[in-house]
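Notes follow once the structure below has been shown.
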Number of protein chains: 2
Amino acid sequence: MSNPQILLKARPAGRPGPEHFEFVESAMPAPGRGEVLLRHRFLSLDPYMRGRMDDTASYAAPVALGGVMEGECVAEVLESQHDGFAPGDWVRGARGWQGFSAAHGSSLVKIPKDGGGVSHSAYLGVLGMPGTTAWVGVTEIGRPKPGDVFVVSAASGAVGGVAGQIARKYGCRVIGIAGGPEKCRYVKDVLGFDDCLDHRGDLPAALDAACPDGIDVYFENVGGPVQEAVLPRMRAFGRIAFCGSVATYNTRPLPPGPNLSILTRRKLTLQGFIVSDHPLAWPVWRERGAAWLRDGSLKFKEDVVEGLQNAPDAFVGLLEGKNFGKLVIKI
Amino acid sequence: MSNPQILLKARPAGRPGPEHFEFVESAMPAPGRGEVLLRHRFLSLDPYMRGRMDDTASYAAPVALGGVMEGECVAEVLESQHDGFAPGDWVRGARGWQGFSAAHGSSLVKIPKDGGGVSHSAYLGVLGMPGTTAWVGVTEIGRPKPGDVFVVSAASGAVGGVAGQIARKYGCRVIGIAGGPEKCRYVKDVLGFDDCLDHRGDLPAALDAACPDGIDVYFENVGGPVQEAVLPRMRAFGRIAFCGSVATYNTRPLPPGPNLSILTRRKLTLQGFIVSDHPLAWPVWRERGAAWLRDGSLKFKEDVVEGLQNAPDAFVGLLEGKNFGKLVIKI
């Protein structure tokens, strides 16, 4: 038996392609003391991984050239040399784009063997990093109030879809922004947003119509022209939670942004955040999100691609909005 | 006797000039019940007034065409129909670019007849709106910690000079940015900043040398290329207090700004503010600033121009950084 892996072969200057990845079959890992041998069942693909392909300082170190691409996995324990784990347990951990790994038990979080009422892969999405990101971004950064107008971009995505549903629970009027009529319909009809605007249309006009009195909270996932359309429509004392800017992850050099003098005139607060800086939020969200999934008030959608070897293509598509729902690789 | 006034004659498209102002001699105002007749002794000129000349929505209504230009004054009471004021009292109030006015007593703040150890005009600067702006921007928005690297632009100006001195009291390393060697020397030698960089030189390189580990707090007064140089040098969890952006007040349309994806990567907070939203800070600063002036630990400089008729030229110069110290008109 061998361990399939996807390595970072070269650093992309803009859009990544097959030439930046390498699929290899490596030797099976052997667990040491305190470690477990994992069989990875699902791999999460998320936009932040594009940043890890660059060799520039960011909030986390880049993936080394020739190193295994980083990513969260849901995995099954095959062997254990750690008291807390037994074969057959299911766990989540940052185990990378590969089929197997040996991991110290302390780096893993157990998840219910039977999924606890949701799919195992949900622990990579709605109950994982993206869901927790939405929880932190809304509750700690955007801090909406009942009656606020809350706008979220990439609204059908893994983070945006959850963010908007949390804002609905605050009593906000929630307006999504998504790409194309199918995603917009899903955001309105399934996720229950008050409205969803197609950024492929005339977004400034659509925002004026949907938010005639302006926007109190904007949950920013995309940057680019969507950001440019939203900023001048922010209301006095508005907050923008800067979660990401997937629209420009492949753009080098980075394009200019909006003029910021409006920050003073409107007394706006723009705040960037990274979910890993908020460790205490994870267990809170895991519990609250799970309860809302059980009572049916929280919806999610997965876009499952089969086969580790398809991860690079799926990832490139993710950066271009081609996925529909949380993108996971079934290994 | 007549009342000299400067009116807004036309709205400038970019840089204001003499053609946008009109000097007139009007009838003397007559105070009604609860009002006092004021003889204005000093008029404050501040960059925010450029915004009031535009006919666009901002945090305050624009000056009407043909209306008296707005501004804070220090004035002497000539007559009083208000129990709280007597002839000979000195007050501060938003009384406009004119020689006299009739004002309700409730709109005025008394200042010491003898100045209380500082010039009367100081109540328009270090102890007035600009000083309070610095106090709010540092204490409530920038929230520095001892050991932080604190950068402030327009460091020799009415707000920046006070902001940096307050940050020094927090135990920050304070780096000013100013235009030209004379201003930079003043900021270092008189105001006691740790360093002051000339933005007319190679500012990115100067910032790298002065702040090799990055910047924790930036007090933003100017926008433009200075902002562009500072933003990429912000340290993780840094804060930017957006007080103003005088570098682009005359620029139409507004130029683009920096790409904002760095907000997420560095977990930055950018917050705009207007001092009038913080009414409780005014008396606090008046007391604390006065104490620091008395003990010699707070310095300020005034640029006094004689004659109301010279206010338009002085104001245009202010927007171009030609003043040196807090600009006031002696009427």
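Applying the condition of being in contact with a Gly (Cβ under 6 Å, 6 or more places away or on another chain), of a type outside the set (S, T, N, Q) and at the interface with another protein chain (Cβ under 7 Å from one of its Cβ atoms) to region B:247-271 and asking which residue is farthest from B:Pro16 (Cα to Cα) yields B:Lys267.
I want to confirm something. Restricting to region A:278-306 and keeping residues that are of a type outside the set (A, V, I, L, M, F, W, C), touching a residue at least 40 places away in the same chain (Cβ under 8 Å) and assigned to a helix (DSSP H, G or I), which single residue is surrounded by the fewest Cβ atoms within 10 Å (Cβ to Cβ)? Outline the logic, then answer.
In the first step, residues of region A:278-306 are kept if they are of a type outside the set (A, V, I, L, M, F, W, C); the result is A:278-279, A:283, A:286-289, A:294-297, A:299, A:301-303, A:306.
Filter once more, so that each one left must be touching a residue at least 40 places away in the same chain (Cβ under 8 Å): A:278, A:286, A:288-289, A:294, A:297, A:299, A:301-302.
Going one step further and asking which of them are assigned to a helix (DSSP H, G or I), we end up with A:286, A:288-289, A:294.
Values: A:Arg286: 20, A:Arg288: 17, A:Gly289: 24, A:Arg294: 12.
Among them, the one singled out is A:Arg294.
For B:Ser26, the criteria (1) over 26 Å from B:Pro283 (Cβ atoms); (2) surrounded by 15 or more Cβ atoms within 10 Å (Cβ to Cβ); (3) of a type in the set (Ser, Thr, Tyr) hold in every case but one, which is (2).
Tell me the residue from B:Ala290, B:Ala209 that is within 25 Å of B:Gly147 (Cβ to Cβ) and of a type outside the set (D, E, K, R), please. Working first, answer last.
Details: B:Ala290 fails: within 25 Å of B:Gly147 (Cβ to Cβ).
So the residue among B:Ala290, B:Ala209 that is within 25 Å of B:Gly147 (Cβ to Cβ) and of a type outside the set (D, E, K, R) is B:Ala209.
Scanning region B:155-173 finds one or more residues that are touching a residue at least 40 places away in the same chain (Cβ under 8 Å), touching a strand residue (DSSP E or B) at 6+ places or on another chain (Cβ under 6 Å) and either more than 29 Å from B:Ala236 (Cβ to Cβ) or in the same structural domain as B:Asn310 (by TED's automatic domain parsing) (or both). Would you call A:Ser26 in a strand (DSSP E or B), not basic (Lys, Arg) and not assigned by TED's automatic domain parsing to the domain that holds A:Asn221? For A:Ser26, the condition - in a strand (DSSP E or B), not basic (Lys, Arg) and not assigned by TED's automatic domain parsing to the domain that holds A:Asn221 - is met.
Of all the residues that make up region A:230-257, how many are farther than 19 Å from A:Val159 by Cα and outside any strand (DSSP E or B)? Lay out the reasoning, then the answer.
Just the residues of region A:230-257 that are farther than 19 Å from A:Val159 by Cα, to begin with: A:231-238, A:250-257.
Going one step further and asking which of them are outside any strand (DSSP E or B), we end up with A:231-233, A:250-256.
Qualifying residue count for the region: 10.
One residue stands out among those in region A:227-246 that are touching a residue at least 40 places away in the same chain (Cβ under 8 Å) and more than 10 Å from chain B (Cβ to nearest Cβ): the one that is nearest to the chain's Cα centre (by Cα), which is A:Val230.
Within region A:212-229, does at least one residue satisfy the condition of being within 16 Å of A:Ala155 (Cβ to Cβ) and of a type in the set (Phe, Trp, Tyr)? Yes, because at least one residue in region A:212-229 is within 16 Å of A:Ala155 (Cβ to Cβ) and of a type in the set (Phe, Trp, Tyr). Of the residues making up region B:62-77, those that are in a loop (DSSP other than H, G, I, E, B) and touching a Phe, Trp or Tyr at 6+ places or on another chain (Cβ under 6 Å) are B:Met69, B:Gly71. Among residues that are touching a residue at least 40 places away in the same chain (Cβ under 8 Å) and not aliphatic (A, V, I, L, M), A:Gly192 is included.
Inside region A:50-61, can you point out the residues that are within 11 Å of chain B (Cβ to nearest Cβ), in a loop (DSSP other than H, G, I, E, B) and not aliphatic (A, V, I, L, M)? Those that are within 11 Å of chain B (Cβ to nearest Cβ), in a loop (DSSP other than H, G, I, E, B) and not aliphatic (A, V, I, L, M): A:Asp54, A:Thr56, A:Ser58, A:Tyr59.
Say whether the condition of being over 15 Å from B:Gly96 (Cα atoms) and surrounded by 15 or more Cβ atoms within 10 Å (Cβ to Cβ) is met by at least one residue in region B:1-8. Checked against the condition, which is being over 15 Å from B:Gly96 (Cα atoms) and surrounded by 15 or more Cβ atoms within 10 Å (Cβ to Cβ), region B:1-8 yields no hits at all.
Here is a list: A:Phe21, A:Phe42. Which entry is surrounded by 19 or more Cβ atoms within 10 Å (Cβ to Cβ) and either over 27 Å from A:Lys110 (Cα atoms) or in the same structural domain as A:Arg252 (by TED's automatic domain parsing) (or both)? Please lay out each step first, then the result.
Values: A:Phe42 fails: either over 27 Å from A:Lys110 (Cα atoms) or in the same structural domain as A:Arg252 (by TED's automatic domain parsing) (or both).
Unique residue meeting the criteria: A:Phe21.
Residues that are of a type in the set (Asp, Glu), at the interface with chain B (Cβ under 10 Å from one of its Cβ atoms) and in contact with a strand residue (DSSP E or B) (Cβ under 9 Å, 6 or more places away or on another chain) are absent from region A:291-314.
For (1) farther than 22 Å from B:Gln309 by Cα; (2) out of contact with any Asp or Glu (no Cβ under 7 Å at 6 or more places or on another chain), each residue gets a yes or a no:
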| residue | (1), (2) |
| --- | --- |
| B:Ser2 | no, no |
| B:Pro16 | no, yes |
| B:Ala30 | yes, yes |
| B:Ser44 | no, no |
| B:Tyr48 | no, yes |
| B:Val68 | no, yes |
| B:Gln81 | yes, no |
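For B:Ile240, indicate whether it is more than 15 Å from B:Gly272 (Cβ to Cβ), β-branched (Val, Ile, Thr) and touching a Phe, Trp or Tyr at 6+ places or on another chain (Cβ under 9 Å). Judged against the criteria, B:Ile240 is not a match.
The values are calculated or read from the model by the stated rules, or taken from the named source; none is laboratory data. Treat the numbers as computed from the prediction; the structure is a model and nothing was measured. FYI the Cβ positions are ideal-geometry reconstructions off the backbone, even for glycines, and counts take in every protein chain you see.
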